[in-house]
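**Q** To start, I am sharing the structure in question, which I have written as structure tokens.
The values are calculated or read from the model by the stated rules, or taken from the named source; none is laboratory data. This one's a predicted model, so the numbers in the text were calculated from it and none came from an experiment. Every residue, glycine as well, gets a Cβ built from its backbone with ideal geometry; the counts of neighbours run over all protein chains shown.
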Amino acid sequence: MSLTSPWRADFPGILALAGEGQTYLDSAATAQKPQAVLDALLGYLAGGAANVHRAQHLPGERATRAFEATRDKAAAWLNAASRDEILFTRGSTEALNLLAYGLEHLLQPGDEIVISALEHHANLLPWQQLAQRRGLQLVVLPLEASGNIDLSQAAQLIGPRTRLLAVSQLSNVLGRWLPLAELLALARAQGAISVVDGAQGAVHGRHDMQALGCDFYVCSAHKLYGPDGVGLLYGRGAALAQLRHWQFGGEMVLDADYQSARFRPAPLGFEAGTPPVSAVIALGAALDWLNGLDQAAVARHEAALHAELLAGLTARDGVRLLGAPQLALASFCVDGVHNADLAHLLSEQGIAVRAGHHCAMPLMKGLGLSGAIRVSLGLYNDGDDLQRFFAALDKALELLQ
Ligand SMILES: Cc1ncc(COP(=O)(O)O)c(C=O)c1O
């Protein structure tokens, strides 16, 4: 019997796409949204929109309460020590750029920033540009053939000159968890600042910031079954206090004169201007939805679907998996076939997968590839989705090989 998803009916977007003959297997790029998120979005917009933190009228107070409730939910979801450790940003990319700017004054020429070889451009380019601006060294942790970080090399490379470590939690290409506990311990031993890019990892399981012990953690709501345009930046209180203010404008000042101003601390000091109120409120609904799930059932479904994906891919001649994915996704290439041609033929058959370099060009170059196909799974996907994908893949390969 084909694997079913108990959550599929919650997602109007998946049902609409299915109605069009589309099989959506690109949730690592963005996830579909459950009805509860759509209701929260429309509820705020249709129920009387108002700006937050400014107005003393009823709609303004109502909007501010709903907006700030998401901060409480996010703080609880990440087990932050305080709600003030949760900042709203536009997403992971903006949060990482904020950090690369906001921490710049703490770094001196010759200091080292350590990243890994598999980083998404969002967690590479802000640090690369910072390194260029400040005369810093960007040190790259190499991978073993399996796609794991080589920890013995990491222990050599994270040293007394390391001032900052910035690594992913879960690779968007290889589908493997990074050894965060070990890497963060190495960074801590050197007194380095640590940044974790949770864009892919956040949605899988629960992540306890106090237990993890990183200084900063970022994620994007649109990959958490929430709206686009908003993300979370967690910062440990003492680490946040070191951050330089970066965007200036309404609601982030304590006091302003023509020639000088004093700024608020986090979180509001880092949320200048009107925030994405509707998206933040809808993110609260996404967190409620995630919290309401039976975590054991989620883990079982994710594991079963992923096992079926891997079994189907490895059974096919010429299909080469990138590394050994652990969950959520699998990237592959096919000997003698260009990934763009394959993606095109899959798309013609209504299969939505991602093709290309997956915003990790240095990793792809290191693997000697110009690109790969990535299939990524959401909680709404089921065995029928995979069967449709494999039927389309076989047909495409028959034409191309
Ligand atoms: C590992 C990783 N980091 C960062 C990002 C950037 O996220 P966003 O585009 O939501 O800012 C992504 C997006 O795919 C990602 O996979």
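**Q** Six or more apart or on different chains, Cβ under 9 Å: which pairs go from a residue in the range 314-328 that's in a strand (DSSP E or B) to one that's among the β-branched types (V, I, T)? Could you list them?
**A** V319/V334; R320/V334; L321/T314
**Q** Sticking with this structure for a sec: Report yes if A155 is without any contact (Cβ under 8 Å) to a residue 12 or more places away in the chain and at negative phi, otherwise no.
**A** In short, no.
**Q** Of the conditions (1) within 16 Å of the ligand (Cβ to nearest atom); (2) out of contact with any strand residue (DSSP E or B) (no Cβ under 9 Å at 6 or more places or on another chain), Q247 fails just one. Which one is it?
**A** Only one criterion is unmet by Q247, namely (1).
**Q** Same structure, new question: Being farther than 19 Å from V298 by Cα, without any contact (Cβ under 8 Å) to a residue 24 or more places away in the chain and not aliphatic (A, V, I, L, M) narrows it down to one residue among G191, G213, G229; which is it?
**A** Values: G213 fails: without any contact (Cβ under 8 Å) to a residue 24 or more places away in the chain; G229 fails: without any contact (Cβ under 8 Å) to a residue 24 or more places away in the chain.
Unique residue meeting the criteria: G191.
**Q** Hey, does the range 221-244 have a residue that's in contact with a Ser or Thr (Cβ under 6 Å, 6 or more places away or on another chain), part of a loop (DSSP other than H, G, I, E, B) and of a type outside the set (K, R)?
**A** No, every residue in the range 221-244 fails to be in contact with a Ser or Thr (Cβ under 6 Å, 6 or more places away or on another chain), part of a loop (DSSP other than H, G, I, E, B) and of a type outside the set (K, R).
**Q** If we scan the range 173-184, do we find a residue that is assigned to a strand (DSSP E or B) and either among the charged types (D, E, K, R) or in the same structural domain as L103 (by TED's automatic domain parsing) (or both)?
**A** Quick first cut of the range 173-184, residues assigned to a strand (DSSP E or B) only: 177.
Next, from what is left, pick out any that are either among the charged types (D, E, K, R) or in the same structural domain as L103 (by TED's automatic domain parsing) (or both): 177.
Looking for residues that are assigned to a strand (DSSP E or B) and either among the charged types (D, E, K, R) or in the same structural domain as L103 (by TED's automatic domain parsing) (or both), one finds at least one in the range 173-184, hence yes.
**Q** Also: For the range 204-217, give me each residue that is buried (at least 24 other Cβ atoms within 10 Å of the Cβ) and either within 15 Å of A76 (Cα to Cα) or outside the structural domain of T93 (by TED's automatic domain parsing) (or both). Give the derivation first.
**A** The first filter runs over the range 204-217 and keeps only residues buried (at least 24 other Cβ atoms within 10 Å of the Cβ), leaving 214-217.
Once the filter is applied, which keeps residues that are buried (at least 24 other Cβ atoms within 10 Å of the Cβ) and either within 15 Å of A76 (Cα to Cα) or outside the structural domain of T93 (by TED's automatic domain parsing) (or both), the range 204-217 yields only Y217.
**Q** Tell me which of these P59 doesn't satisfy, since it passes every other one: (1) touching a helix residue (DSSP H, G or I) at 6+ places or on another chain (Cβ under 7 Å); (2) at pLDDT below 95.
**A** If we test P59 against (1) touching a helix residue (DSSP H, G or I) at 6+ places or on another chain (Cβ under 7 Å); (2) at pLDDT below 95, just (1) comes out false.
**Q** What tally of residues in the range 294-311 results from selecting those that are closer than 22 Å to A29 by Cα and touching a residue at least 12 places away in the same chain (Cβ under 8 Å)?
**A** Residues flagged as closer than 22 Å to A29 by Cα and touching a residue at least 12 places away in the same chain (Cβ under 8 Å) within the range 294-311 amount to 11.
**Q** Residues that are crowded, with 17+ Cβ neighbours inside 10 Å and closer than 21 Å to P6 by Cα: does the range 275-285 have at least one?
**A** Yes, the range 275-285 contains a residue that is crowded, with 17+ Cβ neighbours inside 10 Å and closer than 21 Å to P6 by Cα.
**Q** May I pose another question? Assuming G191 fulfils every condition listed in (1) away from the ligand (no atom under 16 Å from the Cβ); (2) not in a loop (DSSP other than H, G, I, E, B) apart from one, which condition is it?
**A** (2)
**Q** For the range 197-239, which positions are under 15 Å from A181 (Cα atoms) and within 8 Å of the chain's Cα centre (by Cα)?
**A** Selection gives D197, G198, G201.
**Q** On to the next question. Testing D111 on (1) farther than 30 Å from C333 by Cα; (2) surrounded by 16 or more Cβ atoms within 10 Å (Cβ to Cβ); (3) within 16 Å of the ligand (Cβ to nearest atom), one condition comes back false. Which one is that?
**A** With respect to (1) farther than 30 Å from C333 by Cα; (2) surrounded by 16 or more Cβ atoms within 10 Å (Cβ to Cβ); (3) within 16 Å of the ligand (Cβ to nearest atom), D111 is out only on (3).
**Q** Search the range 76-108 for residues being of a type in the set (A, V, I, L, M) and within 16 Å of the ligand (Cβ to nearest atom), and hand back the single one that is farthest from Y225 (Cα to Cα).
**A** Ranking the candidates gives A100 first.
**Q** Would you confirm whether or not the range 21-37 contains a residue that is charged (D, E, K, R), in contact (Cβ under 8 Å) with a residue 40 or more places away in the chain and away from the ligand (no atom under 16 Å from the Cβ)?
**A** no
**Q** Out of A16, A28, A9, which single residue is at pLDDT 95 or above, over 29 Å from P325 (Cα atoms) and not hydroxyl-bearing (S, T, Y)?
**A** A16
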